[in-house]
Amino acid sequence: MFNIKQRTLFIIFLFIVGLSSAQKSTTLNLPKFDHRFMHFGFLLGINSADFALDRYSPNVEGSDSLYVLEPQSTVGFNLGIISAMHLGEHFSLRFTPNLAFAQRKLIYKFQTLEGEKQYTKEIESTLINFPLNLKFKSARVNNFSAYIIGGAAYSLDLASNADAENNSTNPNDIIVKLGKNDFMGQIGFGTDFYLEYFKFGIELKMSYGLKGYDVKEDNAFSNPIEKLKSKMFLLSLTFEG
């Protein structure tokens, strides 16, 4: 299920699409755009980064007092470039490397002799993503077309804390470590608007980690996690010429 921030991104996407598609065009802009072999552009995006917690085990040794563990998403942003190779009238292959600034949280609640204790572990990431997607677009109607997109991506976390020291006895100072490398499947949809000088697009895409990439350690915050996968919703504005 989508959380509130992810539903907000989806509603913003639908609002912009509805507002734009309501405007009728009388002139066919960029009539030869899709007949070229390649074109380039850039994207600006807002992301909602989150975790998918796989097979949470609340009663493992050393963590039997933990009764709540839940991920929490936050909003970040992406900057990237676009390279698109046209494979026909309706298909294109897109390589869109981008830089993403993201932050995710894990909320822990423990029941102790002193009462309930809550800890929030914030994990900041600076990601270089390398997505390769296949795009299938509808027939163009005047200056508008819709599309679906899917593929995979490799992600490198420049801010990975995998090598950080984690020897503190203070629970507030213990960190949850993530690895540097991640692989994700991607799926999404969007719309293109052919303007006078460039093509403007709005795209909503979900990326879902294909493997756990948390670093296992023997502490009360790492032990309950069997597998932690990445998850991200990205609302992008694309500018292609």
Quiz item: Pairs under 8 Å by beta carbon, first residue within 16 Å of Leu93 (Cβ to Cβ) in segment 30-47, partner at pLDDT below 95 and in a helix (DSSP H, G or I), six or more apart or different chains?
Solution: His39/Phe33
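Which is among the small types (Gly, Ala, Ser) and within 30 Å of Arg36 (Cβ to Cβ), of Ala146, Ala102, Ala162?
Working: Ala102 fails: within 30 Å of Arg36 (Cβ to Cβ); Ala162 fails: within 30 Å of Arg36 (Cβ to Cβ).
Answer to the selection: Ala146.
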Quiz item: Mind checking which residues of segment 1-56 are modelled with pLDDT of 60 or more, farther than 20 Å from Thr238 by Cα and β-branched (Val, Ile, Thr)?
Solution: Thr26, Thr27
Quiz item: List pairs: first in segment 173-184 and more than 9 Å from Ser160 (Cβ to Cβ), second β-branched (Val, Ile, Thr) and surrounded by 19 or more Cβ atoms within 10 Å (Cβ to Cβ), Cβ under 9 Å, 6+ apart or cross-chain?
Solution: Ile175/Ile123; Val176/Ile123; Val176/Val215; Val176/Ile225
Quiz item: Which one of the conditions (1) surrounded by fewer than 18 Cβ atoms within 10 Å (Cβ to Cβ); (2) modelled with pLDDT of 95 or more; (3) in contact with an Asp or Glu (Cβ under 7 Å, 6 or more places away or on another chain) does Met85 fail to meet, given that it meets all the rest?
Solution: (3)
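Check whether at least one residue in segment 125-137 is surrounded by 17 or more Cβ atoms within 10 Å (Cβ to Cβ), out of contact with any Ser or Thr (no Cβ under 8 Å at 6 or more places or on another chain) and under 25 Å from Ile187 (Cβ atoms), and report yes or no. So that I can check it myself, show each step before the final result.
Pass one, segment 125-137, residues surrounded by 17 or more Cβ atoms within 10 Å (Cβ to Cβ): 125, 127, 129, 131, 133, 135, 137.
From the residues that got through so far, the ones that are out of contact with any Ser or Thr (no Cβ under 8 Å at 6 or more places or on another chain) too are none.
Scanning segment 125-137, I find no residue that is surrounded by 17 or more Cβ atoms within 10 Å (Cβ to Cβ), out of contact with any Ser or Thr (no Cβ under 8 Å at 6 or more places or on another chain) and under 25 Å from Ile187 (Cβ atoms), so the answer is no.
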Self-check item: Residue ID - farthest from Arg94 (Cα to Cα), chosen from residues in segment 194-204 that are surrounded by fewer than 20 Cβ atoms within 10 Å (Cβ to Cβ) and among the aromatic types (Phe, Trp, Tyr)
Solution: Tyr197
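Looking only at residues that are touching a residue at least 12 places away in the same chain (Cβ under 8 Å) and farther than 18 Å from Ser207 by Cβ in segment 153-172, which one is surrounded by the most Cβ atoms within 10 Å (Cβ to Cβ)?
Within segment 153-172, the subset touching a residue at least 12 places away in the same chain (Cβ under 8 Å) is 153-162, 164, 166, 171-172.
Restricting the remaining residues to those that are farther than 18 Å from Ser207 by Cβ gives 161-162, 164, 166, 171-172.
Working: Asn161: 18, Ala162: 13, Ala164: 9, Asn166: 16, Pro171: 14, Asn172: 8.
Only one residue fits best here, namely Asn161.
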Quiz prompt | Test: Lys109 is modelled with pLDDT of 95 or more and not polar (S, T, N, Q) | solution = no
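The values are calculated or read from the model by the stated rules, or taken from the named source; none is laboratory data. Just so it is clear, the model here is predicted, and its values are computed rather than measured. Here the Cβ is made from the backbone with ideal geometry for all residues, glycine too, and neighbour counts use every protein chain on show.
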